[in-house]
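Here is the structure we will look at, set down as C-alpha cells.
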Amino acid sequence: MSEYLTSSDFMILMIKIIVIFGGVMGALVYLTWIERKVMARVQMRPGPTRVGPFGLLQPIADGLKFLFKEDVVPANANRFLYIAAPVVSLIPALLSFSVIPFGPWLQVTDLSVGLLFIFAITSLGVYGIVLGGWASNSKYPLMGAMRSSAQMISYELSLTLSVVGVLMIANTLSLNQLVMSQQRTWLGFIPRWNIFLQPVAFLIYVVSAVAETNRLPFDLAESEQELVAGWHTEYSSLKFAMFMLAEYANMVTVSALATIMFFGGWSGPLVGPHWLKAALPTFWFVSKIFLFIFFYVLLRSTIPRFRYDQLMNFGWKVLLPLSLANILATSFVVAIS
Amino acid sequence: MIQILFFFFAALAAGAAINVLVQKHVLYSALSLILMLTATSVLFILLGADFLAVIQIIVYAGAIMVLFVFVIMLLNLPVDEDGADRLRWLKFIGIPLGLFFLFLVTATLWNVQAGTGTQSRFVGSPQAIGQSLFTDYLLPFEVTSLLILIALVGAVVFAKKDL
C-alpha cells in the first residue's frame, strides 16, 4: 500500500488503462452489431446492411441517434434517482475490467482478491436496475425491477458457489494466478483447463451467469410481451444507451470470468516472431470471450423465455443444491489427494 | 496520498451515516447506508484488509441492503412525518445507550497499542482469516452459523402459518 509510484510507472499504468478501456468500449459498441447480425442470420434475415459495408457503421449511426434523441424525464418520476440509475448501473459494470487480465502484462492491477472484487462490484449493479425501475414511478418498470432484483439475488448465490470448487483447486483468488495455474498440459497435448476438472461447476456458472446478466432465456426483468421493456421502459436517449452498455459490459465480464476460470484465460499456443508472441495471449483471450458471446447470442435467438415461477424454482431447487453438492465432492477429492 | 484518501472516505462515511438518520424518506436512508458501507470498505482497503473490504461489499452492500431496498420499494412506504411523535419515548433510552456506546468505543481505542505495521500485509489475507476462523474462533463461528439457521427457520415459520 505504501509504495510510491514513479512517474514512468504512472505513465505505463495510464497507457494500460487507456488501451483496456478504449478497447473495451469499442468492443461493447460493436457487440450490438454482432448480436444483430448473428441473430438475423439464425432467423434467415440479412440484418443491418444499409449503413456502411455489411452494416458495419450501424453502431455509430445508433450512437449518434441516441445522442440527438430527446431526453425525457417522466413528470412524476423521482428526478434525482431517475438520472442517477443509469450511472449506478454503468460504473460497476466498467469497473470490473480493471482487474481482468487481458494478457500476461495487459492488466490494470492484479488484486490478491480479484475474483471477489468482481463479484462485489457486479453485485452493486443491481441497484441501477432497482432504482431505475422505482424512480420511473410507473408500473411496468417497477415490476421489472422487482423481478430483476429477486432473480439476481437468487442466481448470485449459485454463481458464487459454483466458483468455490475452482478456487479450491487453484488455491488463489487472484485472476492472474488463476490463469497461471492452468498453464501446463496433461499428456503433452490436453490443456490443463479447469473445465475438465469442474464440468458441473462450469454448467452451473454458465446458467447462473446468463440469469445474472438478464439475458434470454432468463430476461424476465424486461420480458417485452408482459412488461413492455421492464425497468428501462421510461428511459430514452443516452440514459437508455447507458443501460444497454452496462448490460453488454456485464456480458463481457461474465464471459471473461468464465474464460479465466475454466478455459485457461490468455493461455494458448505461442508461435512466430517476438512481437507475435507478445500479442497472441490477448488474441486467445479475446477469441475465447468471443465464443462465449456467440453462445449468448445463439441462446437468445433460439430459446424461449422461462416462466417466472420456473425460474425461481430452478434457481433455488436445482442450481443451489447442485452447486453445494459440487463443493462437497470437490473438497473430498482435494482433501484426499 | 493515502492520508488524503483516508480523510476523504472517512468524511464520506461519517456524512453518509449522519444522512441515514437525518433523511425523512426511508429509501434515501437506505441508499446513504449503502454509501456508508462502501466508504467504510475503502477504509479497510487502506488498512490492507482487502478481503474484509470485498466481503463487506458483497454481504452488506450487495446482498442485505438489496433486500432492504427491495422491501422498501415493495411496501412503498410514505414519507415519515409523524414518526417523531410515535417514537418520542425512544429518546430517553437512546441518549443513555448512545453515551454508553461512545464510552465503550473510547475505552477500547484508549487501550489500543500503536502497532509497528510490519505484519499488516498478511493479517488481512483470505488465508489468515480462514486460519483464525477455523482455529482460534471456531466456537463463535459455529455458534453464529447456528444462530443464522435458527433465524432462517423462524422466518419460514412466520411466512408459512400452515406448514
Worksheet item: Would you say residue A:288 is surrounded by fewer than 17 Cβ atoms within 10 Å (Cβ to Cβ), more than 24 Å from residue A:145 (Cβ to Cβ), charged (D, E, K, R) and free of Cβ contacts under 8 Å to residues at least 60 places away in the same chain?
Response: no
Worksheet item: Quick check, is residue A:73 at the interface with chain B (Cβ under 9 Å from one of its Cβ atoms) and either at pLDDT below 85 or part of a loop (DSSP other than H, G, I, E, B) (or both)?
Response: no
Worksheet item: Somewhere in region A:302-321, is a residue open to solvent by less than 50 Å² (accessible area, probe 1.4 Å) and among the hydroxyl-bearing types (Ser, Thr, Tyr)?
Response: no
Item to complete: Hey, could you check region A:160-178 for residues that are open to solvent by less than 20 Å² (accessible area, probe 1.4 Å) and modelled with pLDDT of 85 or more and say which is farthest from residue A:323 (Cα to Cα)?
Response: A:166
Worksheet item: Out of curiosity, is residue A:142 over 14 Å from residue B:34 (Cβ atoms) and at the interface with chain B (Cβ under 10 Å from one of its Cβ atoms)?
Response: yes
Item to complete: Only residues that are of a type in the set (S, T, N, Q) and either open to solvent by 20 Å² or more (accessible area, probe 1.4 Å) or within 14 Å of another protein chain (Cβ to nearest Cβ) (or both): list them for region A:103-112, please.
Response: A:109, A:112
Item to complete: With the condition kept exactly as written, say whether any residue in region A:31-46 is modelled with pLDDT under 85 and either outside any helix (DSSP H, G or I) or surrounded by 13 or more Cβ atoms within 10 Å (Cβ to Cβ) (or both).
Response: yes
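Could you please let me know if residue A:157 is open to solvent by 10 Å² or more (accessible area, probe 1.4 Å) and within 21 Å of residue A:310 (Cα to Cα)?
Yes, satisfied.
Does residue A:195 satisfy the condition of being within 26 Å of residue A:103 (Cα to Cα) and in contact with a Pro (Cβ under 6 Å, 6 or more places away or on another chain)? Steps first, answer last, please.
Working: within 26 Å of residue A:103 (Cα to Cα): yes; in contact with a Pro (Cβ under 6 Å, 6 or more places away or on another chain): no.
So residue A:195 fails the test.
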Item to complete: Select, from A:233, A:253, the only residue that is under 29 Å from residue A:129 (Cβ atoms) and open to solvent by less than 10 Å² (accessible area, probe 1.4 Å).
Response: A:253
Worksheet item: So is residue B:2 open to solvent by 50 Å² or more (accessible area, probe 1.4 Å), within 8 Å of chain A (Cβ to nearest Cβ), free of Cβ contacts under 8 Å to residues at least 12 places away in the same chain and under 26 Å from residue B:128 (Cβ atoms) or not?
Response: no
Worksheet item: From A:100, A:91, A:83, which residue is more than 13 Å from chain B (Cβ to nearest Cβ) and under 18 Å from the mean Cα position of the chain (by Cα)?
Response: A:100
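Can residue A:87 be described as exposed (fewer than 15 other Cβ atoms within 10 Å of the Cβ), of a type outside the set (Lys, Arg) and assigned to a helix (DSSP H, G or I)?
Values: exposed (fewer than 15 other Cβ atoms within 10 Å of the Cβ): yes; of a type outside the set (Lys, Arg): yes; assigned to a helix (DSSP H, G or I): yes.
It is true that residue A:87 is exposed (fewer than 15 other Cβ atoms within 10 Å of the Cβ), of a type outside the set (Lys, Arg) and assigned to a helix (DSSP H, G or I).
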Discussion item. I'd like to check something: does region B:45-52 contain any residue that is among the aliphatic types (A, V, I, L, M), open to solvent by less than 30 Å² (accessible area, probe 1.4 Å) and either over 24 Å from residue A:81 (Cα atoms) or within 14 Å of chain A (Cβ to nearest Cβ) (or both)?
Written reply: yes
Fill in: Residue in region A:39-57 that is more than 14 Å from every other protein chain (Cβ to nearest Cβ), touching a Phe, Trp or Tyr at 6+ places or on another chain (Cβ under 8 Å) and in contact (Cβ under 8 Å) with a residue 24 or more places away in the chain present
no
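The values are calculated or read from the model by the stated rules, or taken from the named source; none is laboratory data. Only a predicted model underlies this, so the values are computations on that prediction, with no experimental measurement involved. All Cβ positions, even for glycine, are placed from backbone atoms using ideal geometry, and neighbour counts span all protein chains on display. Side chains included, ligands, DNA and RNA excluded: accessible areas come from the protein's heavy atoms. Shrake-Rupley method; radii C 1.70, N 1.55, O 1.52, S 1.80 Å.
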